[in-house]
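Asks: Sharing a structure, written as structure tokens. Questions coming.
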């Protein structure tokens, strides 16, 4: 019987369909479809980068095993295979061990949690290491390096020693043969490292008997300046020497950070005396991990208040990633750090701060409704509203709109009318309503270029009319653009708002705050962007000049 083999290969785009038929046409046909050639699209899931260490102090300590974890997402049509996480380090690298990590195949639409182990030996020094992690893909479709700065701590040695001893008797004033006595010793860790697996062994001399505790004591750990007191109950025979020598052997995990002790006693000596050594250590302070993405000087050293601000409610909308128009650089960082200042510096309850990143139109409406409802149930409520994102103008009426992330830059009906927001806020029974708008409504983007103007020029949109007990801080006027401050990874307006809150610990009047923002943004925008940006402060007619002495805390 003749053997017939027919092989037909059909190429459709980048996919391959292989058809194999053998023996007779009545046999089942076999198809094999692969995704070879379709590109993966890799990115790191926002907020997924984490550092873990044994003692959870966010520092790479000598002798510690740590790890960096992150989630790699494949949103492309093809599978990602042959990827490798390349790890590089600069700064304090001596004593640090790390390796490149191969990734398994990440199917399209799937994620993989990457874990990069890091280990430090006792050669590591105190300082900071900059770790760079880059995802390499064989076809050049990997992920740009991300950087993480982590503080390192050199090995802190312990020192275990007997720092105090005392001889006690129940009745007699002197140490006497055949009479019970107690040898009390204090073992202390007098240095900055924690001593682990501490052992204390008492060598009892000839003709001396131990009548109470065991001569061997084990302690799991002794922290810096921590001590333990041990009482050894003893009695001598008549044959004991007049001079007796006690040896106390001390050891710890590493076998070299403990000092033995000899204690000389003699019968006839007075009892109840002791020698004390007090160690006042300057203990090492834990240091938090710092990510490269938080490089602004206002993102760290955020002032912390002890006072409470229980009647204030805060709504924060930060729109960075838009579905139909260009992104707004650093908007999420703006909103996140402003939230931190509200809670830490202004003393607002975390439950009273609603932070909505990348808000849709429904998100915005729902959160404005939350403000309306909560202020109705509270005595003397105060309101703070912060927005960072795009604004767009209605080219016919010059009316300003906030643009949700699901909105269209050419269709104002998909936006949230600024006058509607102000009207809703103005009706709330709040004694103070402060609005911060890091947006412009001219149709321009936070970066150069136009967002939505059909004529390709910036428009002078109406900025909205504040209502009720309201004052509005706006990032720009007229046809100006609200620019970013790239060096600080914030909007220009938001950076200077946060800077003044940082410098004053939030204890600043709105007039002082406004004067500072206007002056500094005008100056810095010309310096950084070579373009004008003029913030403004607009109070409602109701508050007159009263707002000038308002404070946020």
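Asks: Taking the Cα centre of each part, how many Å lie between segment 495-516 and segment 49-119?
Replies: 40
Asks: Taking the highest mean first, how do the peptides 187-196, 260-269, 84-93 order by number of other beta carbon atoms within 10 angstrom per residue?
Replies: Sorting 187-196, 260-269, 84-93 by mean packing, highest first, produces 187-196, 84-93, 260-269.
Asks: Over the Cα atoms of segment 122-225, compute the convex hull volume and normalise it per residue, giving Å³. Can you show the working numbers first?
Replies: Working: hull volume 17.1 nm³, N = 104.
In segment 122-225, the Cα convex hull volume per residue is 164 Å³.
Asks: Let me ask something additional. Write down, largest first, the equivalent ellipsoid semi-axes of segment 63-114 in whole Å, where each equals the square root of 5 times an eigenvalue of the alpha-carbon gyration tensor.
Replies: Its equivalent ellipsoid spans semi-axes of 28, 11, 9 Å.
Asks: Once the principal axes of the Cα atoms of segment 497-553 are found, what is the range along each, listed largest first in whole angstroms?
Replies: In descending order, the Cα extents are 36, 28, 10 Å.
Asks: In whole angstrom, note down how far apart the Cα centers of segment 139-193 and segment 313-335 are.
Replies: Comparing the Cα centres of segment 139-193 and segment 313-335, I get a distance of 51 Å.
Asks: Moving on. So how many Å³ per residue does the convex hull of the Cα atoms of segment 308-549 work out to?
Replies: Normalising the Cα hull of segment 308-549 by residue number yields 107 Å³.
Asks: Sort 47-59, 352-364 by packing, meaning the average of other beta carbons within 10 Å per residue, with the highest value first.
Replies: 352-364, 47-59
Asks: Over segment 33-103, calculate the relative contact order: mean separation of alpha carbon pairs under 8 Å at least 6 apart, over the residue count, as a percent.
Replies: 34
Asks: Whole number please: convex hull volume per residue, Cα atoms of segment 44-153, in Å³.
Replies: Measuring per residue, one finds 90 Å³ for the Cα hull of segment 44-153.
Asks: Related question: Of all the C-alpha pairs in segment 104-172, what % are more than 18 Å from each other?
Replies: In whole percent, the share of Cα-Cα pairs in segment 104-172 beyond 18 Å is 66.
Asks: Now, a different point. Bin width 5 Å, origin at 0, all Cα-Cα pairs of segment 160-275: what percent of pairs per bin?
Replies: Histogram of Cα-Cα distances, whole percents per bin: 2, 12, 23, 22, 17, 11, 8, 4, 1, 0.
Since every read-out is calculated from the coordinates, none of them should be taken as a lab result. Please read all numbers here as calculations on a predicted model, not as lab measurements. Here Cβ is always computed from backbone atoms with ideal geometry, including for glycine, and neighbour counts include all displayed protein chains.
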